[in-house]
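Q: Sending over a structure as structure tokens; questions will come in a sec.
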Amino acid sequence: MSLITLFISAAIVNNFVLSQFLGICPFVGVSKKVDSAFSMGLAVTFVMTITAAVTFLINKYILIQFNLSILQTVSFILVIASLVQLVEMFIKKVSQPLYKALGIYLPLITTNCAIMGLALFAVAKEYTFIEGIIYALGAGAGFTIAMVIMAGIREELELAKVPKIFQGAGITMIVAGALALAFMGFAGLI
């Protein structure tokens, strides 16, 4: 599989949010404004990419080398939690408005199952270091695409006359379902 195909597959065909249903919490929670959705997508992409690199190295040179594969999940959780703390401190230092806009959802990147899924999938699929990085970039791009599309639709829905029964979470779930159906159209493409 070429690297471009791997990237497109992770970003669109096997989109973590809309095809594999991972990372739904920030998808629904942070997708109210395009700016914050895009920023969250970039933060998740960054964490995914670094996670792919670090977990590959830990898995290959420590866990497999010393027959400690049973510690894979625990070690990946520690890596993800550490990386998210670094990202949170960086965003707080660089951009206070962004830090406040992301609010509670920034520390929740730690529990974003899309990142853990990425680390486990990359190991299970036996990707090389470079393939793992491309896979992470594609998954992060797909996460960002899903977040921005959802935020754009939700911003437009603010101006629309939505029936009272569907307002709020109802219309959000309907839109999320419609997006998931749309992305299912890419299944089998690659």
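Q: Pull up the cross-link candidates among the aspartates and glutamates for Lys60, meaning alpha carbon to alpha carbon under 13 Å and not fewer than 8 places away within one chain.
A: Cα-Cα hits under 13 Å: Glu126.
Q: Restrict the search to segment 114-190; then list the trypsin sites (Lys or Arg not before Pro) that DSSP places in a loop and that have at most 13 other Cβ atoms within 10 Å of their Cβ.
A: Answer in residue order: Lys125, Lys161.
Q: Taking the Cα centre of segment 3-183 as the origin and placing charges on Cβ (Lys, Arg +1; Asp, Glu -1), which of Val87, Gln20, Ile50 is farthest toward the positive end of the dipole?
A: Val87
Q: Taking the 0 to 90 degree range and rounding to the nearest ten, how far is the long axis of helix 113-124 tilted relative to the main principal axis of the chain, both from C-alpha atoms?
A: The two axes meet at around 40 degrees.
Q: Here's a follow-up. Taking the Cα atoms only, what angle lies between the long axis of helix 169-184 and the longest principal axis of the chain, rounded to 10 degrees?
A: Roughly 60 degrees, rounded to the nearest 10.
Q: Quick one: helix 34-58 against the long Cα principal axis of the chain, what's the angle to the nearest 10°, folded into 0 to 90?
A: 10
Q: Quick check: from the Cα gyration tensor, does segment 73-190 come out rounded (a/c under 1.5), prolate or oblate?
A: Oblate shape, in that a/c is at least 1.5 and b/c is the bigger or equal ratio.
Q: Would you mind working out the magnitude of the charge dipole of the chain relative to its Cα centre, with +1 at each Lys and Arg C-beta and -1 at each Asp and Glu C-beta, to the nearest 20 Debye?
A: 340
Q: Measure up Lys33/Lys93; Lys100/Lys164; Lys32/Lys164; Lys92/Lys161; Lys33/Lys92; Lys33/Lys161 against 28 Å on the Cα-Cα distance and list the ones that go over.
A: With Cα atoms farther than 28 Å apart: Lys100/Lys164; Lys92/Lys161.
Q: May I ask for the distance between the Cα centers of segment 154-190 and segment 72-123, given as a whole number of Å?
A: 26
We did not get these values from a lab; they are worked out from the coordinates using the rules stated. It should be emphasised that the depicted structure is a prediction, and the values quoted were computed from it without experimental measurement. A quick note on method: Cβ atoms are made from the backbone with ideal geometry, for glycine too, and the neighbour counts reach across all protein chains shown.
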